[in-house]
1. Distance in nm between label sites at Glu121 and Ala2, each 7 Å beyond Cα in the beta-carbon direction?
2. Accessible area, 1.4 Å probe, largest first: how do Ile48, Ile61 sort?
3. With labels modelled as points extended 7 Å from the Cα through the Cβ direction, what inter-label distance (nm, one decimal) is found for Ala12 paired with Leu46?
Amino acid sequence: MALSEREQELLAQLEKQLNEDPAFASTMTGPQPLVAPAVSSSPRNLVIGALVAVVGLGIIIAGVSTKLILLGVLGFVVAAAGVYFATTAPKGKGTKATGGASARPTPSKYKGNSRFMQNLENKWDERQGGSRF
């Protein structure tokens, strides 16, 4: 769907304003990806965390059946700790696997992804009549 003349003027004006802001331009053109990298937890942490969460739910049920509020609260804390443990990444494993380097991936790891994005951009340009903007 083509933009109206007014919309094209507004778009050109916005692009001009964005290009004039050097701080914004530097954050948008940096080597870091626009989407945060997915944090994966180990299968061991998932299993242990799930088991701790199930034990916490058992403690909650025991607290409800015995009408002890403190036991129910303790069960909730245990279950929440299990979920937290299951969903967080291991602390020491990330730096050990990379040989002491930072956990952030290098731009070379995104090379295949950038080629994919370039192909998508080329297809988009072909649909739009070859013009970039």
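1. 2.6
2. Final ranking, largest accessible area leading: Ile61, Ile48.
3. 5.3
The values are calculated or read from the model by the stated rules, or taken from the named source; none is laboratory data. Every value quoted in this text rests on a predicted model; they were computed, and no experiment measured them. Cβ: placed from backbone, ideal geometry, glycine included. Neighbour counts: every protein chain shown. The accessibility values were calculated without ligands, DNA or RNA, using every heavy atom of the protein model including side chains. Shrake-Rupley method; radii C 1.70, N 1.55, O 1.52, S 1.80 Å.
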